Amino acid sequence: HRGYYIRARAVDHCVQDFLLKTQSYPRTQILSLGAGFDSLYFRLKDIGLLHHTVVYEVDFPNVACQKAALIKRMKELSAMVGDTGGEGLGVITFSGEDYKLLGVDLSALSELERALEEAGLDNEIPTLFIAEVVLTYMENSRSDALIQWAAEHFSQACFLLYEQMHPEDPFGHVMQQHFSQLNSALHSLAQYPDCEAQRRRFFEKGWTECSVMDMNEFFTCCTPEDEQRRVQALEPFDEYEEWHLKCSHYFVLTASKGMAPSWTPLLSNMTVPHHDGPVRIAGTITAAVCAMHSEISGLRRYGHHSVLIKPNVILTTGGFGEEDGQHCRMRNFHVLIKYAGYWKAGCVKKENPDKRWDERLYHTVSCLSNSLALVVGGRTSPASAGLGMLWLNFPETCNASDPGDITVDLLSLQPAAEPAALRWRHSTTEVIFKGEKYLFLYGGRSAMEPVLGDWYFLHTQELSCTVIPVEGPVPESRHSHSACSWKGGVLIAGGLGAAEQPLGSVFFLRELEHGFQWQTVETHPPLIPRYSHTAHVHDGKLLLVGGVWFHSSSVPGITVLDLMTGLCLDYTINVEHLEWPLMLHNHSSVFLPDEKELLLIGGGGNCFSFGTHLNPKPVSLSLSNILTSH
């Protein structure tokens with residue numbers, strides 16, 4: 001719903017701004033190109049905004065005829081239009097006092113011009129052209145000609161364009177594939193892949209003013225905060241990554257010429273930290289498909305958790321993905337074992353298969369010994385309460401070459417710490433206080449609270465919550481952040497904050513004599529805000545892997561933060577050896593320090609209209625080049 005909402009919101013915002021700014025003119029007009037079954041005219045009429053404006057809509061003849069028939073059948077609609085009976089004359093399929101519906105192919109420009117003239121379009125009065133995901137389906141030479149014609153033939157003109165961009169990143173590939181499968185290739189993407197290219201296009205075609213922004217920026221800057229909060233609270237929602245990725249792949253553009261004062265509906269009065277210009281790239285890391293002896297589809301998933309339970313043995317639990325040929329919340333556990341240089345994958349046998357695992361997403365798993373791990377939190381549906389804790393029990397020794405040899409026993413828990421565990425998208429990290437081990441449970445969200453900023457210390461023996469004093473500046477609430485153990489404390493980086501905005505802050509919770517203290521870790525250049533990434537610490541360096549950010553000119557690769565100096569270096573991931581778009585959000589990763597190998601498992605999501613996209617195989621990155629001590 002949000003994906004369609006933001007599109008309608010952007011168009012309404014710009015159209016209403018045009019009507020407001022031109023209300024002193026005796027007459028204005030709106031020309032909607034490829035209008036389809038859009039109800040814009042009826043909405044504007046209903047709220048009384050069309051006092052002196054005529055709306056013209058153009059689409060293919062068969063679409064225009066169907067729409068005209070629909071309006072005539074509905075007495076509420078035909079009464080609103082005030083049917084003047086001038087329809088059925090060639091291309092004009094419906095004619096009302098302030099509404100004209102034309103059946104013409106937009107790519108036949110001279111025919112379009114003739115039809116509009118016949119319908120009464122006046123090229124001397126302020127005119128707003130609307131093209132909402134229309135021009136991209138036309139050949140570029142024809143859409144360019146249309147943009148230029150509008151600038152040349154109308155003395156006071158405004159143009160509103162909404163369509164796709166960024167075809168070449170992983171999400172862009174999935175988006176293009178979706179439209180190709182619908183036999184609706186997006187023609188403008190190759191020539192006009194980003195906001196800057198679209199701006200240049202309009203200037204070159206005769207427009208004198210042009211502003212453009214992606215939909216993340218539009219939602220943040222041009223949507224009032226109370227409206228943002230209203231939308232965010234309307235329905236249970238947990239697809240932040242897909243929402244932000246979709247919004248970074250669509251833009252809204254407004255152009256004008258001959259307007260006094262100039263028309264600038266996208267100038268906002270809000271200042272948002274904007275990361276302009278390209279990310280400075282320190283180098284690239286090549287991704288390779290894992291060398292596997294055996295493969296299973298069970299690692300195609302997102303929102304899961306992977307943990308090293310023994311050297312070279314990785315257990316993956318939960319998430320949403322592919323099981324027995326269908327998409328569902330994952331019931332089975334899977335294991336990856338490295339033996340003689342190869343990875344073997346297998347399904348784990350459950351000791352007590354009748355014990356409910358609750359098929360959870362966005363939980364954490366912490367290894368507390370070589371035979372015991374603790375699962376904390378997670379969810380089924382975002383509308384239901386979070387899930388509590390579970391013990392996972394596995395044998396102390398196992399056959400290193402056989403994934404089928406590993407069994408896991410589930411033990412439900414109802415300890416005193418239960419309220420602490422009713423959350424998801426949180427972190428659970430081992431810390432040490434006075435020589436004793438604790439799990440530091442931080443942040444996340446719950447069914448009631450869209451973002452949490454509280455924390456608990458769980459004593460690992462009794463699993464009871466222990467009160468330990470914490471001083472220093474409290475980090476702002478967040479979920480989908482990363483957390484790593486370091487020097488007995490914990491490093492928290494990034495996350496999604498209260499207003500669904502990515503955060504760029506890094507905090508270190510360090511042990512003092514009588515408790516802990518929050519410290520801000522200064523980074524330079526400043527860390528680009530991100531969330532849904534994973535993280536590891538090695539040799540005084542924090543590695544941030546993937547995630548989602550609003551900096552849409554590139555996708556996050558690996559950021560290396562030197563914890564001694566605060567220096568941040570960004571590395572891109574070279575995916576030329578992969579046969580699919582690598583989605584680096586909602587993934588899990590495991591770092592093998594001896595080989596300096598990073599294993600990426602799963603990742604992807606379930607997008608509104610583009611379907612489910614999952615990384616099909618684990619991917620290996622060798623980090624030895626970037627982690628060598630200088």
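The values are calculated or read from the model by the stated rules, or taken from the named source; none is laboratory data. All figures in this text were calculated on a predicted structure; none of them were measured in a lab. Note that each Cβ is placed from the backbone with ideal geometry, even for glycine, and that neighbours are counted across all protein chains shown. Heads up: the accessible areas ignore ligands, DNA and RNA and are worked out on the full protein's heavy atoms, side chains in. Shrake-Rupley method; radii C 1.70, N 1.55, O 1.52, S 1.80 Å.
Specify whether the C-alpha gyration tensor of region 474-630 places it in the rounded, prolate or oblate class, a ≥ b ≥ c being the square roots of the eigenvalues: rounded for a/c under 1.5, otherwise prolate if a/b is larger than b/c and oblate if not.
Since a/c reaches 1.5 but b/c is at least a/b, the shape of region 474-630 is classed as oblate.
Mind checking which of Val474, Ala119, Gly90 is farthest towards the positive end of the chain's charge dipole, using Cβ charges of +1 (Lys, Arg) and -1 (Asp, Glu) about the Cα centre?
Projecting each Cα onto the dipole axis, the largest value belongs to Val474.
Give me the angle, in degrees from 0 to 90, between the Cα long axis of helix 195-204 and the longest principal axis of the Cα atoms of the chain, rounded to the nearest 10.
20 degrees
From the backbone phi of region 4-9, what are the Karplus-calculated ³J(HN,Hα) couplings (6.51 cos²θ - 1.76 cosθ + 1.60, θ = phi - 60°) in whole Hz, Gly and Pro given as x?
Result, rounded to whole Hz: 6, 4, 5, 5, 5, 5.
Sort region 281-627 into rounded, prolate or oblate with this rule: let a ≥ b ≥ c be the square roots of the eigenvalues of the Cα gyration tensor; rounded if a/c is under 1.5, and if a/c is not under 1.5, prolate when a/b is larger than b/c, oblate otherwise.
Rounded, because the longest to shortest axis ratio a/c is under 1.5.
Add -39500 (n - 2.57) for each DSSP H run of 4 or more in the chain, then divide by its residues: what number comes out at 222 nm, to the nearest 500 deg cm²/dmol?
Result for the chain: -6000 deg cm²/dmol, rounded to the nearest 500.
Taking the Cα atoms only, what angle lies between the long axis of helix 170-181 and the longest principal axis of the chain, rounded to 10 degrees?
So the inclination is approximately 50 degrees.
Could you work out how much longer the chain between Ile281 and Thr612 gets when fully extended? Use 0.36 nm per residue separation minus the Cα distance between them, nm to one decimal.
So the extension gain works out to 116.1 nm.
Cross-link partners among lysines for Lys596, C-alpha distance below 25 Å, same-chain residues fewer than 8 apart left out?
Hits, sequence-local ones excluded: Lys310, Lys338, Lys344, Lys487, Lys541, Lys617.
Tell me which lysines have Cα within less than 18 Å of Lys45's Cα, excluding those fewer than 8 residues away on the same chain?
Lys21, Lys67, Lys72, Lys75, Lys100
HN-Hα J couplings of region 448-463 from phi, Karplus 6.51/-1.76/1.60, θ = phi - 60°, integer Hz, Gly and Pro as x?
So the J values, rounded to whole Hz, are 8, 10, x, 7, 10, x, 8, 8, 9, 9, 9, 5, 5, 6, 8, 6.
Go through Gly605, His587, Ser620 and say which Cα lies farthest out towards the positive end of the charge dipole of region 561-620; charges sit on Cβ, +1 for Lys and Arg, -1 for Asp and Glu.
Gly605
With +1 on each Lys and Arg Cβ and -1 on each Asp and Glu Cβ, how big is the dipole of region 281-627 about its Cα centre, in debye rounded to the nearest 20?
Charge dipole, region 281-627, about its Cα centre: 360 debye, nearest 20.
Quick query: amide H of Met330 versus all other amide H atoms, modeled in the peptide plane; which residues come in under 5 Å with a sequence gap of 5 or more or a different chain?
Gly319, Phe320, Gly321
In whole Hz, with x marking every Gly and Pro, tabulate ³J(HN,Hα) for region 329-341 from phi via Karplus 6.51 cos²θ - 1.76 cosθ + 1.60, θ = phi - 60°.
Working through the residues one at a time gives 6, 6, 8, 8, 8, 10, 10, 10, 10, 9, 9, 6, x Hz.
At what distance in angstrom do the alpha carbon centres of region 289-327 and region 471-537 lie from each other?
Value for the Cα centre distance between the two parts: 28 Å.
Below 8 Å between Cα atoms, with a sequence gap of 6+, how large is the relative contact order for the chain in percent?
Worked out over the chain, it gives 10 percent.
From the square roots a ≥ b ≥ c of the eigenvalues of the alpha-carbon gyration tensor of region 20-60, which class results: rounded (a/c under 1.5), prolate (a/b over b/c), or oblate?
oblate
Tell me the per residue accessible area of region 281-627 using a 1.4 Å probe; a whole number in Å² is fine.
For region 281-627, the solvent-accessible area averages 38 Å² per residue.
Quick check on packing: order 243-249, 109-115 by the mean number of other C-beta atoms within 10 Å, highest mean leading.
Listed from highest to lowest mean packing, they are 243-249, 109-115.
Collect residues whose amide H, placed 1.01 Å from N in the peptide plane, falls under 5 Å from the amide H of Val55; neighbours closer than 5 in sequence don't count.
Those lying under 5 Å, H to H, from Val55 are Ile30, Tyr99, Lys100.
Please compute the per residue accessible area over region 1-257 with all protein chains in place, 1.4 Å probe, rounded to a whole number of Å².
Here the per-residue accessible area is 41 Å².
Assigning unit charges at the beta carbon (Lys, Arg +1; Asp, Glu -1) and nothing else, what dipole magnitude in debye, to the nearest 20, does the chain show about its Cα centre?
Dipole of the chain, to the nearest 20 debye: 900 debye.
Take every Cα pair under 8 Å in region 281-627 that's 6+ residues apart, average their separations, divide by the length, and report that relative contact order as a whole percent.
16 percent
Specify which labelled value, from (i) 49, 34, 21; (ii) 53, 25, 24; (iii) 39, 33, 23, agrees with semi-axes √(5λ) of the Cα gyration tensor in Å derived from the coordinates of the model shown.
The value matching this structure is (ii).
Specify the angular offset, from 0 to 90 degrees and rounded to the nearest 10, of the alpha carbon long axis of helix 140-153 from the longest principal axis of the alpha carbons in the chain.
Helix 140-153 sits at roughly 50 degrees to that axis.
Counting only protein heavy atoms and using a 1.4 Å probe, what share of the accessible area of the chain belongs to carbon plus sulfur, as a whole percent?
That share works out to 51 percent.
Just report the Cα centroid separation between region 23-64 and region 540-556, whole Å.
Distance between centres, Cα-based: 43 Å.
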